[in-house]
Each structure stands twice: as structure tokens, then as C-alpha cells.
There are 2 protein chains.
Amino acid sequence: MEKPSIPQGTRDFGPAQVARRQHIFGVIRRTFETFGYAPLETPTLENLSVLTGKYGDEGDQLLFKVLNSGNFLVKERRGETTPLVTPEDLEAGPKVVLPKIAEKGLRYDLTVPFARYVAMNRGTLTFPFRRYQMQPVWRADRPQRGRYREFWQCDADVVGTTSLLCEAEIVLMMAQVFNGLGLDDFTIKINHRGVLRNIYQALGGEGQETDLFVAIDKLDKIGEDGVRKELLEKGFAEQTIGILFALLSVEGDYAEKLQRLLAGFVTAGVEPDGPRPTVETDDDDLDLTYYRGLQELAEVRDLLQASGFRQFDRLEFDPTLARGLSYYTGCIFEVKINNVAMGSVSGGGRYDNLTGSFGLPGVSGVGFSFGVDRIYDCLESLDLFTDTSETPTRVLLTHFDPASGRAALPLLAELRAAGIPAELYPDAGKLQKQFKYADAKGIPLVLILGPEELAAGVAKIKILKTGEEKALPLSEVVTALTV
Amino acid sequence: MEKPSIPQGTRDFGPAQVARRQHIFGVIRRTFETFGYAPLETPTLENLSVLTGKYGDEGDQLLFKVLNSGNFLVKERRGETTPLVTPEDLEAGPKVVLPKIAEKGLRYDLTVPFARYVAMNRGTLTFPFRRYQMQPVWRADRPQRGRYREFWQCDADVVGTTSLLCEAEIVLMMAQVFNGLGLDDFTIKINHRGVLRNIYQALGGEGQETDLFVAIDKLDKIGEDGVRKELLEKGFAEQTIGILFALLSVEGDYAEKLQRLLAGFVTAGVEPDGPRPTVETDDDDLDLTYYRGLQELAEVRDLLQASGFRQFDRLEFDPTLARGLSYYTGCIFEVKINNVAMGSVSGGGRYDNLTGSFGLPGVSGVGFSFGVDRIYDCLESLDLFTDTSETPTRVLLTHFDPASGRAALPLLAELRAAGIPAELYPDAGKLQKQFKYADAKGIPLVLILGPEELAAGVAKIKILKTGEEKALPLSEVVTALTV
């Protein structure tokens, strides 16, 4: 017989892992809900017409496609059967065959299904609409350490408002989740697509904005030299690249960087794209309003201050943050855990037209996502998981013989009624075996109810970790364990 | 542009639905955990070699198969590309083509993946192993009312023990879940495959056990006449069928039915298959031990009594309960909600060899399952869902102008820190619009923080349902809402 196995890049989650994952999901869920985000769940299967073309060519390749059910090779209609796939189709290759045999695929991310849901339910939804979604997604990527074919995303988005309060709240939620998980050495990086656009304008460029963003996005991986090389190849002038790095490397705190970029833009003669202040003053801050990107970043910071946010040392305005996705138009975010070697664990940004491809244009929104699998790996590397139990059971009742087993049942029922997860070892047998069971599962307490104890009307409680043991009257056991 | 849609038989769950479903999952999860069952999650994708042949021919048809990724039509090896699917394969049909282009499928139930997991991890698991699993499954069935292509199962199984305590605990868990959900007009039906076998022996039959079980299983749907007709066609004698119905229709309470079946078996000369009591007495109950099925059903009842179970009016020994699945060998269970027209909402039974097909024979276990989608429909028909909110938000803070919006931020942060889900309406605007928003989302409380209120240092709280309104000092708001 062949040994059973699971597909590459997928995982079984045993009891201890599920418990730890539920802890992560719980912190994220509570945070989302405290901020008024409502849960949404979409189907695992989506029509390929919804998914295809939304993730670029590479994404289309990575979609898992589901074979049509029944005889997928023929078309049956009014009792007549005609072949769907011909030998010529086989010659023509998978691009021709695929649409004939598969019309459904597996969810690839949570953003496209959300956009599809909003477009489909536009008539009944009340905007602004805040939703969160915590579900697995599938990508036929080459599996490797930290990259799975089935993995979980936790997204929150609000659509139907341009209020920057939403951006500020994303920072608050990110901080609340990582503080809540004990991953408190984090950095939230923030930037704005408008700032990147202004930087591009400062270089006097035209039409090659995307090339610039793509190159900047690689700074982390290929360094300044690599980016310079790439931009030279794309036809950027050496001098231009000099201005670029001067702007990208402005120093100082959040406010100082804003001011220095402002100065840089003004010097470079970048055309203001933000609203002019109605009152002209000498206040430097006001000048930020000439540039929408800088102004919005300043506003987000002010809103955070007004909300009582106190972790500005963990919030970094990083003009080099670009993020890959093409649909972002405003603020963009990314979070790293500093004391672990791991890519970003959360990210997001504002978009102006997510639902446009589903026939609902002009709905602005902002959203972000937590990568649960990476967060899990961070918590594990930092040894921040405290509970290693393989079971929710807190108390194991021992079982000597049918009589003592039966005598334990009322106490077992009482413990459970009090909400204390408890088990009676199901078979009578050696005490040693039962203790070994409790130990292997990580059950903290063992209740010994042998013939002697029953005769005396007591139960002996043993704390496995310390070996401590004490006898208690049967009637006091539940109270003792509840306190 | 084509209107976006979702595949037939799948569903989006909006905020109110997810909240209701989470309520159901929560009651089931807490029950499983209180009884010491530990969570397991298996991948959505399983190898077809694991799934195929486990659910009968019809099941194999209903499996969703996932197309191999990349160019699924060819095999690439050492730089050489050879066609995988030939024109002859197309002629031969889907049975020949399928294994060449798809090696993975979607989870069809939670039982086979559980058996696969136990077999794969036999070396590290501690037995008895109690696991629960709450995940969606997929079947390419024809969608209809109450039947979906993506639906949720909640299973709990314990393997590695033959203790009947596990059977008793299944009854306790079923009762706890339905009581907990307010579906308290339920009937838990119990039977035993051994009793059905004894009934078959009472008819003097041989080799047609399965035909009999299949026919009995249809009693509900086709009635006594239908079953009689089917059995006559299968070659059962008219007189035999008379004995059958006499045995199946024994009347009385649980204990009386056991005794009457015992008498029937003895009269019919059924060979005892249970252990003989070591001491011969006049106690009628002891005679049950001659027949394993009757004896185990009596034992389960005794264990329930000893556990303080008090709902024996909701537990029915039903000798006509057969259940479809072939792998059951001991007690079998099924639950119906009496005041709703709906099939069974839960069911299960004991099996002796679930993991055998994965190379691990002889592991006895017992398990059961809740059908969440049917339970949802029951709760909905009985109007038992009380919360109809489209959001977790409990308090909406209103927003008159940028100044009042900003002034509300500390209070908003305070509410959230106290764990009260709260939102500030993100844009300044007409109060009426903001109230409409709260109303449409089902947010119960609106906090009015206009210029007047701010000047007076108070917030006006309005309870939307009653229209009640009162002013509170800002510093007292959170305390007032927490109590």
C-alpha cells in the first residue's frame, strides 16, 4: 500500500498548532471588531472569469483551476453529445484547452473576492462599508520555507470614504495586534504614492513612473547600486538618479522628513498637486498642503496624536517604501518585526478604483492585511508561544476499575458544567499509563479517585508540573479548580 | 462587462450571517473542548490517491478535481517535452484523461482526512486521540434548497479506545449543543449495528445483510409498504418480512424495547454474540449481555444516568435507525429537530477500522458530526437568531466638522481600549445621514458630540431602538457603557 501523504506546500495543523493559530486569529479578530470592521466570508471557489486577469500574467499561472464536474470532455445538450476538446486543441496547448474544461478556480487573495462582493451587493450595502475577512488562499507557487500553497490572510478594508481617519486607524490596528501578540519590536513603515509621484516629478521624468516604483521597491534586496544599474538600463540619467537618492535618503524624524522632502520638491520645481491653504501663514506645516502626499502623511500623524497613539518610535515615514501592487493610489503601509529575519508581516494601502473592473468605478477605499503564517513563524522563533498543550483538557480523572470509573462521572459532569475541560481516562488501567497520557498531552492536573479516595470521600489532585499533591473533599473539587 | 457572479451552490456570507454562524461554531467548539476534544485542521487540497475509492462510485463522481499546475498537457523531463494526453485518450474518455491531468482534489468530508492524519502520524500521537475538526467540504452535487457545493462539517472523533463512555459522551455533547443553541425540541435516536445484525439473524437470513440495512434506512422515506416491496424484490420471504416489522416496531421506553427485542431474539433462536455474564442471576438486565448490541445500548444508558443526564425523553432507542455509511460497526446516532421540517442535523457511530485503508488496521473509534448549514436553517426558521446587526460596532460617534471629529478621538480610543467596538463616522456631515448609517448597520447607540456638547463637556447618548436620549459628562461615558 502506498503511504498516504498530503500535497506539496500544504499542511496539517495538529492540536497545539491550531490552538496557537487560534490565538493569533483571536487577537486580530478582536482588533478588527473593536474598530467596527464586520466579518465577511466568500466561497473558496470563484468563477475563473472573476479571477483571471486580476493578478497579472504570473498570477494567472499561479491560479489553481478546478476541473468541470461530470464528463468534462464533452458538451451534452438536448440528448446530443459533442466533443468539447479536439485533437487540434491538444496541439494548440493548455491556453486553448483550459477554458473548455475548467470554469472555476480557488481563491487567490481576499481583495478580488471582496471587490466582487461589493460590486454584486452595491444595492444593499450601506457605505462606508468596513469588512474584515480571515480565510485561506491558494497559489500554485513553488513551495519553500515560509511559502505555502495554502496559506491564510486576514484583511480589513473600508470602502466608500476618503477620510484619512481610516489610514490612522490602520496604524492603530497594526500596533494593537503586534502589541497584543507580544511582538512589540515592530516598525510600521508608511509612505504615500503621491510622494513617490512627486519624487518622480522632481527628476523631471515622464511616462516611466512605474519603472521607477518597481526599481525602488527592490532597494531592500538589490541595494542602491542595483537600483542605480536598473534605472540606468531603463534610460534614467546619472544626474537624475543622484537627485533620486538624495530625496530617498532624507533623514530625521517623521516631521523632519516631510519638511525636507517639501524643500526638495520646491527646489526641484515640482508642480504642487495639493489644495492651497485658504489662509496664508508663516506656519511651515501649512506648506505641506501644496503636495497632497506630504499633507496626507502629516494629517495621519496628527490624527494618531489626537487618538492618543504613543508609539511614534515604531512608526517610520519611509520614502523608499513602494509596495508592488499597482492599484494603490494614496498612503501605503508595511510592517516588519525587527528582531526576526522575516519579510513584512502586514501591509496595505489606499486605492481609488478596486471595484472598477466589476462595473462599480470610483469607490475609494483603504485596506491592509496580516500574514498569519509569517506571524506564526515570528512568534515561534521568538519563543513567544507559552501553551504547548496538545489538548484543551485541564483535568484528567483517573480510572481504576469500572466502579471507580462510574463513581467519577458525577464529578466529571460537574467540572464540565463549570466550563472546565475535563476527561475521564476511558479505560480502567494502570495509573502509570494514565499519568503518561496526561503528560504527553500536556494536561496540567490529574485527579485521583481510587477505591481508597472514594471510601474517604476525597479526590487527590496532582499538579503534574510540580508534582504537588493534595486531597480535597469531593464536594470542594470544582470550587477549588474554578478559583 | 459581464456581471460578476459566484459558482452555483456556493455562498457569500455577509456580516450578519457570519456573526450567526460564529455563534453556532462557538457553541459546538466550546462543547467539544469541554469534553477534551482537541482541534485538528487538514488541507483543503488532498491527493486524489487519498480520496478516490473512499466514498463509493457516486462519491468519486462528486469529488472536485484540481487541474495540475503549469502545462498540464505535457510531461517535461530533462528538457524533453512529451504529450501526456493523446487524441486516443480523448476518445477513451474522462476516466483515462483525468488521472493524467489532475492529481489533487478538494476535501469531500472530514473523516477520510482524519483517518489519513492518524495513519500518517501514528508514531507521534498519544492514544486515545480525541480530535474535533470544523472545516468546509466540497461536493459537486446538484445544488438545491439546503444542499450546497461548499458546506461546513463539525466532526468529533475519538480513536484508540472501545470504551462505551465515548458513546455516552456523544449523547451528552449532542444534548449540550442543541440545548445551548435553544433548539431544545430535539430527539437523539440511537441504535446499534449489532442489533440490526441480530434482527437479520432472527429472519434466518444469510449474506443479504446490506440489502436489509439499505431497505430499512429508507423506512422514513418510502414507508413500510415501500420497504416490503423492495425486500420482496430482493428475494426476502413474505413471512420473514412479517417478523422483521414485528421486531422493528417494538414499543415502550428505551429499556422496554431492549427487553422486547431480547425476547424476540431468544424466540427466534438468534445465536448469542455477547459475553455471558459471569454470575447467573434472575436479573432480566443481565440477559442483555448475551447480545452485544443490546448490552452496549443498555450500558450507554446506564453511563448517561450515572453522568447526571436528565433528558431521557429526548433519547430514543430506534431499531429502525440504520444510517447509510458502511463503516459503522457499533452504536449509531442521529438527531432531528422536531419542530422544523428538516433532515437529521447530527449523526455518527462507532467504527472498527477507519484507518485500515491507510495501513493502520484495528484502531477502533467513535465519532459524530454536526451539519452547521442545516442547524443554521433550523435556527432561522424558528426565529431563534436575536442579533441582526450588520456590524460588531456598539457605538457610533457622530462627526459634525473636522474640529468635533478630532475632539471625539480620545473618547473613541477610550471606548475601544475598554473593549467596546466603536466607530467615528469617518466624514463630517449631516446628522441625519449618520443616524441612517447607524440604523442600517444595526448599531444600537449613537453618541452625539457636537459643538454645543463639546462646549458643555458632555456627550448625548441616544438609544436608537427606543429613541431615549441622555447627556453624560465626557469622563463618565465609558463607565456608563461598560456597566
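The values are calculated or read from the model by the stated rules, or taken from the named source; none is laboratory data. These numbers were taken from a predicted model, which means no experiment stands behind them. Ideal geometry is used to build each Cβ from the backbone, glycine not excepted, and the neighbour counts take in all protein chains shown. Ligands, DNA and RNA are stripped out before the accessible areas are found, and what is left, the full protein with its side chains, is counted by its heavy atoms. Shrake-Rupley method; radii C 1.70, N 1.55, O 1.52, S 1.80 Å.
A compact table of results
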{"quantity": "Residue that is farthest from the chain's Cα centre (by Cα), among those in the range A:55-64 that are in contact (Cβ under 8 Å) with a residue 40 or more places away in the chain and either open to solvent by 40 Å² or more (accessible area, probe 1.4 Å) or over 19 Å from B:Asn68 (Cα atoms) (or both)", "calculated": "A:Gln61"}
{"quantity": "The lone exception for A:Leu90 - which of (1) part of a helix (DSSP H, G or I); (2) in contact (Cβ under 8 Å) with a residue 40 or more places away in the chain; (3) among the hydrophobic types (A, V, I, L, M, F, W, C) it fails", "calculated": "(2)"}
{"quantity": "Matching residues, the range A:296-313, being under 17 Å from A:Leu258 (Cα atoms) and open to solvent by 50 Å² or more (accessible area, probe 1.4 Å)", "calculated": "A:Glu299, A:Arg301, A:Asp302, A:Gln305, A:Asp313"}
{"quantity": "Residue in the range B:173-189 that is farthest from B:Glu334 (Cα to Cα), counting only those that are assigned to a strand (DSSP E or B) and open to solvent by less than 40 Å² (accessible area, probe 1.4 Å)", "calculated": "B:Phe186"}
{"quantity": "Residue that is surrounded by the fewest Cβ atoms within 10 Å (Cβ to Cβ), among those in the range B:36-54 that are within 10 Å of another protein chain (Cβ to nearest Cβ) and assigned to a loop (DSSP other than H, G, I, E, B)", "calculated": "B:Thr42"}
{"quantity": "Only one of A:Lys441, A:Lys460 that is more than 21 Å from B:Phe309 (Cα to Cα), crowded, with 17+ Cβ neighbours inside 10 Å, touching a residue at least 24 places away in the same chain (Cβ under 8 Å) and of a type in the set (D, E, K, R)", "calculated": "A:Lys441"}
{"quantity": "Yes/no for A:Ala38 being in contact (Cβ under 8 Å) with a residue 12 or more places away in the chain and small (Gly, Ala, Ser)", "calculated": "yes"}
{"quantity": "Within the range A:200-225, tally of residues that are more than 30 Å from the chain's Cα centre (by Cα) and at pLDDT 90 or above", "calculated": "4"}
{"quantity": "Given (1) facing chain A (nearest Cβ under 10 Å); (2) assigned to a loop (DSSP other than H, G, I, E, B), index of the condition B:Asp109 fails", "calculated": "(1)"}
{"quantity": "Selection from the range A:1-35 of residues that are in a helix (DSSP H, G or I) and open to solvent by less than 10 Å² (accessible area, probe 1.4 Å)", "calculated": "A:Pro15, A:Val18, A:Arg21, A:Ile24, A:Ile28, A:Thr31, A:Phe32"}
{"quantity": "Any hit, the range B:88-99, residues being of a type in the set (D, E, K, R), under 30 Å from B:Gln22 (Cα atoms) and surrounded by fewer than 23 Cβ atoms within 10 Å (Cβ to Cβ)", "calculated": "no"}
{"quantity": "Flag for B:Leu125 being in a loop (DSSP other than H, G, I, E, B), among the aliphatic types (A, V, I, L, M) and more than 12 Å from chain A (Cβ to nearest Cβ)", "calculated": "no"}
{"quantity": "Residues located in the range A:153-174, provided they are under 30 Å from A:Ala263 (Cβ atoms), touching a strand residue (DSSP E or B) at 6+ places or on another chain (Cβ under 9 Å) and among the aliphatic types (A, V, I, L, M)", "calculated": "A:Leu164, A:Leu165, A:Ile170, A:Val171, A:Met174"}
{"quantity": "Out of B:Phe32, B:Phe114, sole residue that is modelled with pLDDT of 95 or more and more than 9 Å from chain A (Cβ to nearest Cβ)", "calculated": "B:Phe114"}
{"quantity": "Hits in the range A:56-76 (condition: small (Gly, Ala, Ser) and at the interface with chain B (Cβ under 7 Å from one of its Cβ atoms))", "calculated": "A:Ser69"}
{"quantity": "All positions within the range A:152-172 that are closer than 28 Å to B:Val66 by Cα, of a type outside the set (Asp, Glu) and open to solvent by less than 20 Å² (accessible area, probe 1.4 Å)", "calculated": "A:Cys154"}
{"quantity": "Check on B:Glu476, open to solvent by less than 50 Å² (accessible area, probe 1.4 Å) and either without any contact (Cβ under 8 Å) to a residue 40 or more places away in the chain or farther than 21 Å from B:Arg406 by Cβ (or both)", "calculated": "no"}
{"quantity": "Qualifying residue in the range B:420-432 (condition: within 13 Å of chain A (Cβ to nearest Cβ) and open to solvent by 40 Å² or more (accessible area, probe 1.4 Å))", "calculated": "yes"}
{"quantity": "Hits in the range B:135-151 - residues which are more than 9 Å from chain A (Cβ to nearest Cβ), part of a strand (DSSP E or B) and either open to solvent by 30 Å² or more (accessible area, probe 1.4 Å) or of a type in the set (Asp, Glu) (or both)", "calculated": "B:Gln144, B:Arg147, B:Phe151"}
{"quantity": "Conditions (1) at the interface with chain A (Cβ under 9 Å from one of its Cβ atoms); (2) in contact with an Asp or Glu (Cβ under 6 Å, 6 or more places away or on another chain); (3) open to solvent by less than 10 Å² (accessible area, probe 1.4 Å): number failed by B:Ala102", "calculated": "(2)"}
{"quantity": "Lone unmet requirement of (1) among the basic types (Lys, Arg); (2) open to solvent by less than 10 Å² (accessible area, probe 1.4 Å); (3) not assigned by TED's automatic domain parsing to the domain that holds B:Phe358 for B:Arg116", "calculated": "(3)"}
{"quantity": "Single match in A:Gly367, A:Gly348, A:Gly324, A:Gly356 (criterion: in the same structural domain as A:Leu248 (by TED's automatic domain parsing) and without any contact (Cβ under 8 Å) to a residue 24 or more places away in the chain)", "calculated": "A:Gly356"}
{"quantity": "Residue match in the range B:65-84 (condition: surrounded by fewer than 22 Cβ atoms within 10 Å (Cβ to Cβ), part of a helix (DSSP H, G or I) and free of Cβ contacts under 8 Å to residues at least 40 places away in the same chain)", "calculated": "no"}
